[in-house]
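Where a number appears in this text, it was derived from the coordinates with a stated rule and is not lab data. Keep in mind the model is a prediction, meaning the values are calculated, not measured. Because the Cβ atoms are built from the backbone with ideal geometry, glycine has one as well, and the counts that use them run over all protein chains shown.
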């Protein structure tokens, strides 16, 4: 990006008023473009309409406490809710639950390292009871509601140090809003972290 100094404009203005006007216009465009690029509220290009997959983070989520409802954070009605409980604090592992079973079901996704690797969540084996198998930090569970046809997912990010009678965890959630079971279009971008949702701030007045 090239910038033109005021002294340069003054130098040319004495000999060519038309050239001065052109250079001034270029300088204005350059500065306005720079301001737009530095706008902290502007989402990165790859985050603008890149996917129908909604996502955010549940921070300090206490086990067996208030249910997490995907529908509180999206524009569709998925009918999917979840909760979780600790399995082992020494080697952080947890159980996740389809809280509104049998309307929603849950499945493990062993070997999945990124949500975009999941091209067909319908191929997973969904538990007939409400609980997933034990998962460890970094692993995923998928939830589906056969009635609404929507699929969601949870990633166990980390187990927090116990600060009270209940364990707490940070979890990333995903919901495919187009009704399909394909999550491969998810794009991780710099704008993702700015969309983090605190469980407490989003569920209390």
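Just to confirm my numbers, what's the Cα centroid distance between region 117-144 and region 87-103 in Å? Rounded to whole Å, the Cα centres lie 11 Å apart. Take the Cβ atoms of residue 60 and residue 101, set R0 to 22 Å, and the FRET efficiency comes out at 0.30.
Applying 1/(1 + (r/R0)^6) with R0 = 41 Å to the Cβ-Cβ distance of residue 89 and residue 178 gives a FRET efficiency near 0.60.
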